1. Looking at the chain, what % of the alpha carbon pairs are farther apart than 37 Å?
2. Are there DSSP H segments in the chain that both extend 18 Å or more along their axis (alpha-carbon positions) and score a mean Kyte-Doolittle hydropathy of at least -1.0? List them, or say none.
3. Measuring with a 1.4 Å probe in the full set of protein chains, what accessible area per residue, in whole Å², belongs to the stretch 70-267?
4. Using unit Cβ charges (K, R positive; D, E negative) and no other charged atoms, how large, in debye to the nearest 20, is the dipole of the stretch 70-267 about its Cα centre?
5. Accessible area, 1.4 Å probe, largest first: how do Val108, Val120, Val61 sort?
6. Got a sec? Charge dipole of the stretch 70-267, +1 on Cβ for Lys and Arg, -1 for Asp and Glu; which of Ser73, Ala94, Gly202 is way out at the positive end?
7. GNM on the chain, C-alpha springs below 10 Å: top fluctuator among Ala124, Ala172, Ala42?
8. Distance in nm between label sites at Glu167 and Gln181, each 7 Å beyond Cα in the beta-carbon direction?
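The values are calculated or read from the model by the stated rules, or taken from the named source; none is laboratory data. Quick caveat: nothing in here was measured; it's all calculated off a predicted structure. With ideal geometry, Cβ positions are generated from the backbone for all residues, glycine too; neighbour counts draw on all protein chains shown. These area figures cover heavy atoms from the full protein model, side chains too; ligands, DNA and RNA do not enter into them. Shrake-Rupley method; radii C 1.70, N 1.55, O 1.52, S 1.80 Å.
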Amino acid sequence: MKRSLFGRIWPNATAVVLFVGFVFPVYWMFATAFKPTNDIIADTPVWFPTNVTLGHFKKAVHADHFWTLVLNSITVTVCSVVFSLLIALFAAFALARMRFKGRRGLIVTFMLAQMAPWEVMIIAIYMIVRDNDMLDSLVPLTVFYTMMVLPLTILTLRGYIAAVPKELEESAMVDGCTRGQAFRKVIFPLLAPGLMATSLFGFITAWNEFPLVLILNKDIEKQTLPLWLSQFQTAFGDDWGATMAASSLFALPILILFIFLQRKAVSGLTDGAVKG
């Protein structure tokens, strides 16, 4: 009985500790953004903001280049997600449905590419971009962000396509559909969880990426929000309220997306990983 009781308690206790450890920094960031400066710098921590203020958010959104960088981040992130999905759909279909020489080796290559840290290539990336006179441009960022998320996107969608019985596709072709029409009408509607999972992964990767834009784009008009946040403390001195307000605004899109897509995203990643 004692052993059974302990077996039920310790997993729940561990989950609570992990939950608090992950959630508390996020809560503290948002809480600090709403606190007046006196509460932020007080010797005794103010755990719950009582005198709520929006002044820090006003400073953040009225900071120099804020809206330009927001537009840059949205442009690069959305384009990277869209391009990676378009390329991955065709690649995943070929890997799942077609048999050709080197197919298994290509799948292993995608797995290795996903595991390898892309930072090892950052010098080579810089030299390629510099030699093509494309520094201080959003185009290289979009291209390399797309490449960063492609391996996982291809592998996940391949699992979903491989899980769709070939008979469904063949029946559609017997009824007069071309192979492209069969893919669009039969396979594509079944890929929704995988598409959501990979879209969320690609969005988070591109939205949060920092080192590449730091190396490639020195012009602040061509930078994105992560790099701007790293300079926020310099811009505002010791104004931690404005810093936390800017961080909260930066994290908000990802939190909203994750809240709405978490179930399909988790099922999409796990199902796509084990099928096929």
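1. Details: 11591 of 37950 pairs.
Tail fraction, whole percent: 31.
2. 2-34, 66-97, 103-115, 138-163, 192-208, 240-274
3. It amounts to 52 Å² per residue over the stretch 70-267.
4. The calculated dipole for the stretch 70-267 is roughly 1080 debye.
5. Val120, Val108, Val61
6. Of Ser73, Ala94, Gly202, it is Ala94.
7. Maximum among the listed residues: Ala42.
8. Inter-label distance under the simple model: 2.3 nm.
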